[in-house]
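Here is the structure we will look at, set down as structure tokens.
None of the figures in this text is laboratory data; all of them are computed from the coordinates on show. Everything numeric in this text was worked out from a predicted model, so none of it was measured. Reconstructed Cβ throughout: ideal geometry from the backbone, glycine too, with neighbour counts over all protein chains shown.
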Amino acid sequence: MYQEQAVIQKKTLIDKIELERKALEENKGLLYLIDNVQHLSLIINEDDDIIHVNKSFIQFFDFDINDSVIRCKFSDVIKCVSLDEVRTNYRFNEITSNSINQKIIAAFNHSKDEIKEICRVYIKGDKYFDSLITALPLNLKKHNLIMISMADISDIKWKETLEKFFFHDILNSAGALKECLNLLDGNNIEEDTELLSISKKISKNLIDEITSHRQFLMAERNEYVPDVTTFDCNEILNDISDKAKYSFLADDKNLKIFKRPEKIIISTDKTLLSRVIFNLVKNALEASRRNETVELYCIADDNKIEFIIKNVNVIPRNIQLQIFNKSFSTKGVGRGLGTYSAKFLTEKFLKGKVSFESSETSGTVFYAVYPLTIK
């Protein structure tokens with residue numbers, strides 16, 4: 001008896017979806033519009049069943065998705081997570097909060113209301129992008145449907161992230177320089193050589209920040225050409241020490257840099273390498289608590305050189321899974337850049353590899369490995 005009822009319910013559901021799809025197909029103007037917009041668009045019914053997806057949606061998945069997605073539940077294929085929740089939702093199968101999906105379905109209770117939400121869209125297979133979602137109730141021949149449009153705004157959010165980081169770092173350096181100049185004001189500059197030296201180093205850091213930002217933008221546009229020179233890796237360690245000290249990142253923390261007595265010669269892009277290692281050190285310092293220690297090593301091994309950055313804290317598992325993602329940061333959504341840029345610049349231009357491990361026994365250790373020369 002139970003099996004017979006289940007079969008009847010399934011047939012009723014299939015018949016209902018077929019009627020809804022037929023009503024949609026009869027409205028050729030609407031169907032043409034949906035199929036030819038650039039945004040990913042789909043139509044669902046009041047039971048959360050997908051009854052149609054457009055060409056952009058199919059292309060995004062890179063295979064013929066109609067047969068496998070039509071009649072599937074919208075919430076089983078796509079999960080929309082508010083940006084406030086992104087830090088705790090990191091993989092499709094592990095997302096527990098799905099408030100945006102619920103808001104979309106709730107639109108049926110307000111048949112004239114349009115819903116607009118900025119969120120991160122997760123798609124089965126762990127594919128995701130930041131999106132402006134628009135959900136519009138649609139009534140076709142008494143069938144209650146919802147048309148959903150997903151505009152990819154990942155580039156816009158990424159540009160916002162870059163701007164925030166750039167201005168944050170520039171203002172920090174500029175503020176430190178202003179304080180030094182205020183202390184020098186009215187004093188005998190020639191006698192106060194230490195403060196003058198600090199001011200010069202902060203000025204250099206300020207110029208480096210601007211140059212690094214410009215180089216990173218060029219790298220993202222694939223316009224950057226590495227400037228390969230031969231140098232001692234100890235120069236990188238000295239550079240990192242100065243940057244950390246005079247940007248006041250290590251004011252209440254300890255940064256220990258272990259230099260080798262012998263030279264460690266490498267042929268690569270010095271500016272990019274310095275930027276990568278400094279970003280990893282900066283992240284480690286920012287993740288550390290007061291009086292904790294961050295350690296930096298440089299080791300030559302066979303035909304490669306390895307930089308090791310270590311701190312005592314453990315990265316939670318959900319953060320580990322996102323650590324190299326664009327715009328991800330433990331300090332809040334839209335602020336991530338350091339670990340992403342380190343991996344991006346290393347793999348794209350320096351022919352190296354960035355990885356990490358994190359555990360209760362060893363804390364967190366980042367490894368940046370490079371060949372002795374890039375050709």
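Evaluated at q = 0.14, 0.18, 0.22 Å⁻¹, the base-10 log of the normalised Debye intensity for the range 245-293, with identical point scatterers placed on the Cα atoms, takes the values -0.45, -0.70, -0.90. Taking 0.36 nm per residue of separation and subtracting the Cα-Cα distance, full extension of the segment from residue 140 to residue 214 would add 21.4 nm.
For the range 197-262, the equivalent ellipsoid derived from the Cα gyration tensor has semi-axes of 24, 18, 11 Å, listed largest first. Would you mind getting me the FRET efficiency between residue 30 and residue 321? Use the beta-carbon distance for r and R0 = 41 Å, nearest 0.05. Efficiency computed from Cβ-Cβ geometry: 0.55. The stretch between residue 265 and residue 197 holds 21.7 nm of extra length on full extension. This uses 0.36 nm per residue minus the Cα-Cα distance. In this rough spin-label picture, where each label sits 7 Å from Cα along the Cβ direction, the residue 242-residue 228 distance is 2.6 nm. Using a simple spin-label model with pseudo-atoms 7 Å out from Cα toward Cβ, residue 292 and residue 118 lie 3.0 nm apart. Do the alpha carbons of any pairs in 204/259; 159/263; 201/270 sit beyond 28 Å of each other, and which pairs? Pairs exceeding the cut-off: 159/263. For the range 157-371, the fraction of C-alpha pairs more than 30 angstrom apart is 22%. Our analysis of the range 206-310 gives Rg over Rh at 0.98, with the two radii drawn from alpha carbon positions and Rh computed by the Kirkwood formula.
For the pair residue 70 and residue 204, label points projected 7 Å from Cα toward Cβ lie 6.7 nm apart.
Could you please state, rounded to a whole Å, how far the C-alpha centre of the range 29-56 is from the C-alpha centre of the range 190-229? The distance from the Cα centre of the range 29-56 to that of the range 190-229 comes to 49 Å.
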